Amino acid sequence: MKNYVIVTDSGSDLSESERKALGIISLPLSATIDGDEKDDYSFSPNEFYKMMRAGAVTKTSAVNYQCFLERFRSISEGG
């Protein structure tokens with residue numbers, strides 16, 4: 001049993017396969033595109049920049065508080 005858990009956000013530049021191989025948990029950053037909030041697993045960086053070039057109003061922010069809280073509770077309760 002590990003004494004620690006590594007948690008990062010989706011801006012870490014680690015691929016999904018790297019995160020799985022290393023046992024790293026990744027939480028999604030948030031993006032609002034034309035008023036519609038999504039996590040950044042919903043689209044690739046290329047798609048995001050393509051939307052921006054097409055004139056979409058975009059905003060980014062940190063991991064959603066509720067998502068963070070739920071994940072860390074789950075980790076904590078798991079020992």
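The values are calculated or read from the model by the stated rules, or taken from the named source; none is laboratory data. Owing to the predicted nature of the structure, the values given are computational and were not obtained by experimental measurement. We place every Cβ from the backbone using ideal geometry, glycine too, and count neighbours over all the protein chains shown. Calculation scope for accessible area: heavy atoms of the full protein, side chains included, ligands and nucleic acids excluded. Shrake-Rupley method; radii C 1.70, N 1.55, O 1.52, S 1.80 Å.
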request  = Search the range 27-79 for residues being among the hydrophobic types (A, V, I, L, M, F, W, C) and part of a loop (DSSP other than H, G, I, E, B), and hand back the single one that is farthest from G11 (Cα to Cα).
outcome  = A54
Meets criteria (in a loop (DSSP other than H, G, I, E, B) and modelled with pLDDT of 85 or more) for S12 = yes
key: Residue, farthest from Y4 (Cα to Cα), within the range 17-39, restricted to residues that are touching a Leu at 6+ places or on another chain (Cβ under 9 Å) and open to solvent by less than 90 Å² (accessible area, probe 1.4 Å)   = D39
query = In the range 25-42, how many are in contact with a helix residue (DSSP H, G or I) (Cβ under 8 Å, 6 or more places away or on another chain) and not acidic (D, E)?
reply = 6
Every residue from the range 40-79 that is surrounded by 12 or more Cβ atoms within 10 Å (Cβ to Cβ), without any contact (Cβ under 8 Å) to a residue 12 or more places away in the chain and small (G, A, S) = S42
task = Go through the range 1-56 and count every residue that is over 17 Å from F72 (Cβ atoms), among the aromatic types (F, W, Y) and over 16 Å from the mean Cα position of the chain (by Cα).
result = 1
